[in-house]
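Have a look at the structure below, then the notes.
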Amino acid sequence: MKTILFILVLFSFIAISGQTIAFTNVNVISMDKERVLPNQTVLIKNGVIAEIGSKVKIPKDAQTINGKGKYLIPGLMDMHAHLLSDGDDYPDTIAEDELKVMIANGVTTVRFMIGTKEQLVLREKSAKGEIIAPTIYAASPHLTGREQGNNFVVNTTEEAREAVRKSKAAGYDFIKITTFIKAEVYEAAVDEALKQNIRVVGHADSRFVGVERALKSKQQIEHLDGYMEMLLRDDAPMKGSVSDLYVYDIKKLG
């Protein structure tokens, strides 16, 4: 079985940050084209790849890791994730273990798409190298028109603006939009996010917002809500999204 070596890079960075590391005899999966570079030496200085090649001079003070028979790839990015510990069914104390599992599977960067205060703490610890974890980006608690757990319920334009301002002040990386948000409230959230210089991500609820409005607003769409509706006839009996809270009755569509 082919062995992926990228995890050794991560633990080496955590353990001896700032030192020089040399991976020798390793097969490198190249990102510029579909190929494998066999038996390479990869030299890392201060956390940055300094040189890759078959004849790299290794400094005397470098830590050497023999990668013979193994493969080295860049870290993976999970662009949409949630922690089990975010909910009420699991304790917050398992969060760090969840992050270790991500690292063990090669995920070096993660975007959490409904944020919590605990995630902000984990993000800081990760950045300082205090825990074994990916680089973390955390969206805000989600903006919604109905109570749905960890959220801001926004039914007026001012509520939407206030939720955006609070999220920005708290330090979240994105504003998360979900469902049941009226068009004018959505527009206010997007406008305030622009003023606060923070991106909007999330759903494009077909009943109120829709894909076209979301794209025009330069929102990053995280789900397929709304895309299926664009394929339906104008007289379709239900406009809820198949990826949201409704399921179409296909027989009634004819």
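The values are calculated or read from the model by the stated rules, or taken from the named source; none is laboratory data. Only a predicted model underlies this, so the values are computations on that prediction, with no experimental measurement involved. Here Cβ is always computed from backbone atoms with ideal geometry, including for glycine, and neighbour counts include all displayed protein chains.
Values for this structure:
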quantity	calculated
Selected residue (only one of 192, 222, 229, 147 is modelled with pLDDT of 95 or more and either out of contact with any helix residue (DSSP H, G or I) (no Cβ under 6 Å at 6 or more places or on another chain) or surrounded by 16 or more Cβ atoms within 10 Å (Cβ to Cβ) (or both))	192
Leading residue by the ranking (farthest from the chain's Cα centre (by Cα)) among those in the stretch 121-136 that are surrounded by 16 or more Cβ atoms within 10 Å (Cβ to Cβ) and under 12 Å from residue 108 (Cβ atoms)	132
Members of the stretch 243-254 that are surrounded by fewer than 17 Cβ atoms within 10 Å (Cβ to Cβ) and either within 14 Å of residue 179 (Cβ to Cβ) or modelled with pLDDT of 80 or more (or both)	243, 245, 246
Total residues in the stretch 187-224, condition among the small types (Gly, Ala, Ser) and within 20 Å of residue 169 (Cα to Cα)	4
Of the criteria (1) modelled with pLDDT of 75 or more; (2) over 16 Å from residue 181 (Cβ atoms); (3) surrounded by 12 or more Cβ atoms within 10 Å (Cβ to Cβ), which one residue 197 fails	(3)
Tally, over the stretch 50-67, of residues that are among the hydrophobic types (A, V, I, L, M, F, W, C) and closer than 14 Å to residue 19 by Cβ	4
Residue within the stretch 79-98 that is part of a loop (DSSP other than H, G, I, E, B) and within 24 Å of residue 190 (Cβ to Cβ) present	yes
Whichever residue in the stretch 159-189 is buried (at least 18 other Cβ atoms within 10 Å of the Cβ) and charged (D, E, K, R) and, among such residues, is farthest from the chain's Cα centre (by Cα)	182
Tally of residues being touching a Pro at 6+ places or on another chain (Cβ under 9 Å) and under 21 Å from residue 153 (Cβ atoms) across the stretch 119-142	0
Test: residue in the stretch 150-166 that is of a type outside the set (Gly, Ala, Ser), at pLDDT below 95 and in the same structural domain as residue 203 (by TED's automatic domain parsing)	yes
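Each row is one residue, and each column tells you yes or no for (1) surrounded by fewer than 11 Cβ atoms within 10 Å (Cβ to Cβ); (2) assigned to a loop (DSSP other than H, G, I, E, B); (3) outside the structural domain of residue 107 (by TED's automatic domain parsing).
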{"site": "34", "(1), (2), (3)": "yes, yes, yes"}
{"site": "37", "(1), (2), (3)": "no, no, yes"}
{"site": "41", "(1), (2), (3)": "no, no, yes"}
{"site": "44", "(1), (2), (3)": "no, no, yes"}
{"site": "51", "(1), (2), (3)": "no, no, yes"}
{"site": "55", "(1), (2), (3)": "yes, yes, yes"}
{"site": "58", "(1), (2), (3)": "no, yes, yes"}
{"site": "61", "(1), (2), (3)": "yes, yes, yes"}
{"site": "64", "(1), (2), (3)": "no, no, yes"}
